[in-house]
Amino acid sequence: MAFDKQTFWEDISAAGTIGIAGHIRPDGDCVGSALGLACYIRDNFGKDPIVFLEDLPAAFAFLEGADKVLTGFPSSEPFDLFIAVDCGDEGRLGKAMNYVKEARKTYCIDHHATSTGFLENNLVKPEAAATAQIIYTLCDDKGISKGCAEALYLGIVHDTGVFKHSCTTRETMEVAGALLDHGVSSSRIIDGTFFEKTYLQNQILGRCLMESILCLDGRVIFSAIDRKTINFYGLGPADTEGIIDQLRVTKGVEVAILIRELTPRSWRVSMRSCEIVDVAKICTLFGGGGHVRAAGATMSGSRRDVINNLTAEIEKQL
Ligand code: AMP
Ligand code: MN
Ligand code: MN
């Protein structure tokens with residue numbers, strides 16, 4: 001069904017219970033969108049949505065409402081309204097899909113090019129740099145508190161790589177500017193949640209760069225983190241954030257690939273491209289998805305199988 005802004009707020013106004021969830025292995029945009037929207041609803045409608053996230057990376061714990069996020073997915077009465085943010089398909093919503101199935105009304109707010117329109121009402125804007133940017137455009141600026149603004153700003157900062165990726169538009173900057181007017185400390189969010197790395201994160205970054213391999217005449221860079229390494233360092237999903245971005249800026253590289261072994265012979269794939277290759281198209285072929293310049297998938301086989309399958313597809317586009 002087509003999304004209607006007025007109906008969306010009327011539905012929120014009418015709902016007794018509201019649930020909000022983002023995708024599995026939540027990133028900054030996912031957390032910022034969910035908490036920003038929950039905060040806006042709390043401040044302007046006097047109701048308290050329940051936010052479900054699989055995990056809450058420690059760097060985001062200062063956000064308003066973060067302390068109330070449920071990282072388990074307990075059974076509950078059906079929600080009157082359930083909103084999925086920054087998530088384009090059933091598989092990516094993970095266990096929160098159970099709430100969606102029972103909810104009386106469902107909404108999806110997302111910006112992935114591969115979003116399937118899987119809920120009752122879908123607002124999907126692939127041209128938006130972040131879901132948090134879309135959420136801002138739904139809200140009345142006058143109703144935005146500092147806590148809400150911090151969450152939305154954080155979402156935009158993370159999905160644009162601090163206003164650097166090609167998805168960053170004039171609108172992105174204008175929304176970010178409007179959010180700054182609500183008292184957001186940009187350096188706290190940018191340095192504190194994006195650039196700051198733990199010693200462990202720096203160590204694994206260094207290792208990935210050292211062990212990276214160039215292929216297809218230096219146009220593709222590839223690095224892998226296997227189970228042994230993950231266990232040795234005790235790495236969580238947040239510990240490898242940003243590595244792919246450093247790989248991508250290698251001179252001459254068009255596509256960067258980082259794979260992490262989830263279970264034996266099953267790999268979490270991250271891909272980034274600079275100007276030419278549509279990585280969402282490639283990830284979709286292997287059951288994943290994402291954006292033209294940033295996408296992901298889960299693939300099985302040996303490390304060599306994964307790299308061979310991916311480079312064969314990249315070669316077709318180069
Ligand atoms: P990542 O490499 O995990 O940072 O993901 C890059 C982008 O692709 C993010 O916007 C993700 O939300 C998206 N993405 C990653 N994996 C998938 C997937 N399996 N299906 C759809 N989108 C994905
Ligand atoms: Mn995301
Ligand atoms: Mn996003």
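A few remarks follow.
- Of the residues making up region 124-137, just one is more than 10 Å from ligand 3 (Cβ to nearest atom) and open to solvent by less than 10 Å² (accessible area, probe 1.4 Å), namely ILE135.
- Just so you know, in region 88-98 the residues that are crowded, with 16+ Cβ neighbours inside 10 Å and in contact with a helix residue (DSSP H, G or I) (Cβ under 9 Å, 6 or more places away or on another chain) include one that is farthest from GLY16 (Cα to Cα), and it is GLY91.
- For the criterion of being in a strand (DSSP E or B), outside the structural domain of HIS165 (by TED's automatic domain parsing) and either over 16 Å from the mean Cα position of the chain (by Cα) or modelled with pLDDT of 95 or more (or both), ILE259 passes.
- Residues of region 148-167 that turn out to be more than 14 Å from ligand 1 (Cβ to nearest atom), out of contact with any His (no Cβ under 9 Å at 6 or more places or on another chain) and not hydrophobic (A, V, I, L, M, F, W, C), as a count: 1
- One residue from THR114, THR106 being of a type in the set (S, T, N, Q), touching a Phe, Trp or Tyr at 6+ places or on another chain (Cβ under 9 Å) and either open to solvent by 10 Å² or more (accessible area, probe 1.4 Å) or over 20 Å from PRO237 (Cβ atoms) (or both): THR106
- Qualifying residue in region 304-315 (condition: open to solvent by 10 Å² or more (accessible area, probe 1.4 Å), over 19 Å from CYS208 (Cβ atoms) and either outside any helix (DSSP H, G or I) or touching a Pro at 6+ places or on another chain (Cβ under 9 Å) (or both)): no
- Region 82-97 residues that are of a type in the set (Lys, Arg), paired with ones that are open to solvent by 30 Å² or more (accessible area, probe 1.4 Å) and more than 14 Å from ligand 1 (Cβ to nearest atom) (beta carbon under 7 Å, 6 or more apart): LYS95/PHE73
- Residue match in region 234-245 (condition: touching a Pro at 6+ places or on another chain (Cβ under 7 Å) and within 12 Å of ligand 1 (Cβ to nearest atom)): yes
- Hey, ALA15 outside the structural domain of GLU241 (by TED's automatic domain parsing), within 16 Å of ligand 1 (Cβ to nearest atom), touching a residue at least 40 places away in the same chain (Cβ under 8 Å) and hydrophobic (A, V, I, L, M, F, W, C) or not: no
- Some residue of region 115-137 being assigned to a loop (DSSP other than H, G, I, E, B) and of a type in the set (Val, Ile, Thr): yes
- Listed conditions (1) farther than 23 Å from PHE163 by Cα; (2) within 16 Å of ligand 2 (Cβ to nearest atom) are all met by ALA34, apart from (1).
- Among the residues of region 150-184, the ones that are away from ligand 2 (no atom under 16 Å from the Cβ) and open to solvent by less than 10 Å² (accessible area, probe 1.4 Å) come to 3 in all.
- Residues (open to solvent by 10 Å² or more (accessible area, probe 1.4 Å) and within 16 Å of ligand 2 (Cβ to nearest atom)) located in region 1-25: ILE24, ARG25
- Residue selection: LEU235 satisfies the criterion of being without any contact (Cβ under 8 Å) to a residue 40 or more places away in the chain, open to solvent by less than 50 Å² (accessible area, probe 1.4 Å), part of a loop (DSSP other than H, G, I, E, B) and assigned by TED's automatic domain parsing to the domain that holds ASP278.
- Enumerated helices (runs of 4 or more DSSP H) restricted to region 143-216, each holding at least 2 residues that are touching a residue at least 60 places away in the same chain (Cβ under 8 Å): 146-159
- Filter pass, GLU10 being over 14 Å from ILE135 (Cα atoms), free of Cβ contacts under 8 Å to residues at least 12 places away in the same chain and either β-branched (Val, Ile, Thr) or in the same structural domain as LYS101 (by TED's automatic domain parsing) (or both): yes
The values are calculated or read from the model by the stated rules, or taken from the named source; none is laboratory data. Predicted model, so just to flag it, every value in this text is computed and none were measured. FYI the Cβ positions are ideal-geometry reconstructions off the backbone, even for glycines, and counts take in every protein chain you see. What goes into the accessible areas is simple: the full protein's heavy atoms, side chains included, and nothing from ligands, DNA or RNA. Shrake-Rupley method; radii C 1.70, N 1.55, O 1.52, S 1.80 Å.
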